[in-house]
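The structure appears below as structure tokens.
The values are calculated or read from the model by the stated rules, or taken from the named source; none is laboratory data. The structure presented is a predicted model; accordingly, all values stated were derived computationally and were not measured. In this analysis, Cβ positions are derived from the backbone assuming ideal geometry, glycine residues included, and neighbour counts consider all displayed protein chains.
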Amino acid sequence: MTVTVTLTKQPELYLEADQITPDVFAGKTLDEIGAIFISEGKVKYPLSEFATIEGAAGETAADTKIVLKGDWTKVKRIGQQMTAGEIVIESDADMYIGGWMKGGKLTVNGNVDSFCGIAMAGGELVVNGNAQNHVGSAYRGDWRGMTGGTLRVKGNVGNDIGTFMRGGTIIVEGDAFIHVLTHGEGGTIIVKGNIEGRVGGQAVKGDVYVNGKIDFMMPGFAYVDDVECEVDGETAVYAHYIGDLGERHSVVKGETVFSNLYLKK
């Protein structure tokens, strides 16, 4: 079942829309969905104040698809903590899209601002444009980053990608700026374009694959060997580095565990 929400009125500030999830919409009538509160600053409004709502929700989150039409550029937190179902945003969107997401699928057919997929634990998040900073990272001041799921950005990303990452996969099909897998404790990051630098700083676990070039390598990474790897469905030879050698690393069954950096040759 599909609910189509068309934004017809733009806020003066920005809207906080963490209630736009299949979990919240499931089992509700269109009038009940329209009465769900969204916030502009400290003021709460019913969703129907800004949008028209059509279609029907499923009985469960897994049976519910939400399609957001119109211009959602000034709307934050869409899909926050969703556990199942699907959301499609047919425009750009603001910050915290898919934050703390646990399941389901969220697709953005445009660009997103910062903090996309922060602390993501499951599900699939696809951005068909660019994303800004802190993709798949921990919330500021926290040490619990992404732990599961797949986050794919088909364009470019900014800085601080996968900070404190513990699990899951981030795929960037374009370029990244600086600070990739900083404080990494697990997970996989694939960057198919170039990175300026600061990859794997203070990382103790986790894997980074870079198909382009890194302008400035971290001094804490040491070359080990060349390996053949399958990365996002394509096989190639990569130079394999381990690090960050300036950090303490755990020992499992007599083997020291490092973060791995693979640079395509």
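Would you confirm, using the coordinates I've provided, whether Ile78 is β-branched (Val, Ile, Thr) and either at pLDDT below 95 or assigned to a loop (DSSP other than H, G, I, E, B) (or both)? Here the answer is yes, as Ile78 does meet what is asked. Are any of the residues in region 151-164 modelled with pLDDT of 95 or more, over 27 Å from Leu15 (Cα atoms) and surrounded by 22 or more Cβ atoms within 10 Å (Cβ to Cβ)? For region 151-164, residues modelled with pLDDT of 95 or more, over 27 Å from Leu15 (Cα atoms) and surrounded by 22 or more Cβ atoms within 10 Å (Cβ to Cβ): present.
The set of residues in region 128-147 that are crowded, with 18+ Cβ neighbours inside 10 Å and at positive phi comprises His134, Gly136. Residues in region 160-208 that are more than 12 Å from Val135 (Cα to Cα), assigned to a strand (DSSP E or B) and among the small types (Gly, Ala, Ser): Gly186, Gly187, Gly197, Gly206. Taking Val257 as the residue in question, decide whether it is at pLDDT below 95 and in contact with a strand residue (DSSP E or B) (Cβ under 7 Å, 6 or more places away or on another chain). Taking the combined requirement at face value, the residue satisfies it.
In region 40-48, is there at least one residue being within 26 Å of the chain's Cα centre (by Cα), assigned to a loop (DSSP other than H, G, I, E, B) and surrounded by fewer than 18 Cβ atoms within 10 Å (Cβ to Cβ)? The answer is yes; a qualifying residue exists. Asp31 satisfies every condition listed in (1) free of Cβ contacts under 8 Å to residues at least 24 places away in the same chain; (2) of a type in the set (Asp, Glu); (3) in contact with a Gly (Cβ under 7 Å, 6 or more places away or on another chain) except (3).
Asp215 satisfies every condition listed in (1) assigned to a strand (DSSP E or B); (2) closer than 19 Å to Met165 by Cα; (3) touching a Gly at 6+ places or on another chain (Cβ under 7 Å) except (2).
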